[in-house]
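Computed from the coordinates by the stated procedures, all read-outs in this text should not be read as laboratory data. Quick caveat, the model's predicted, so the values are computed rather than measured. Cβ atoms come from the backbone with ideal geometry, glycine included; neighbour counts cover every protein chain shown.
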Amino acid sequence: MSAPTLPVVPTLAPARVLWAKVDTGFWVAHRGGEYDGCVDAVAGGFVSRDAHGIPIGRYDSLDAAKASLRSTMHPANVSRRRRAERVSVVAATAVGGTALAFALTAGALAPYL
């Protein structure tokens, strides 16, 4: 008696990145029909940004900047994104705490007005 055969499930290849030059010195990447990042020409090089607008890095060549979008899961990029998210959470917490303090102060002083 032979073992039952399982159906073969084809693996999906990652969607190809398509580039469009939308302005002088500005390229936008699309992957699978969705925005994937951009590259901007700056003095002396190119700056790439991921799909969230977070800078990935500065590069000497356009090809290197475009290639950097493929490595957005690189540990340096992941830690940079986490730092940016952490700063946002800390800022939101500080602003919320300040607003709460003002509200409590106004509530405490309202009977005296």
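Just grab the label-to-label distance for LEU113 and ARG86, each label 7 Å out from Cα along the Cβ direction, in nm (one decimal).
So the label points at LEU113 and ARG86 sit 4.0 nm apart.
Gain in length, THR105 to ALA41, computed as 0.36 nm per residue apart minus the alpha-carbon separation, to one decimal in nm? Don't skip to the end; give the middle numbers.
On the way: separation 64, 0.36 × 64 = 23.04 nm, distance 5.02 nm.
Once the chain is fully extended between THR105 and ALA41, it gains 18.0 nm.
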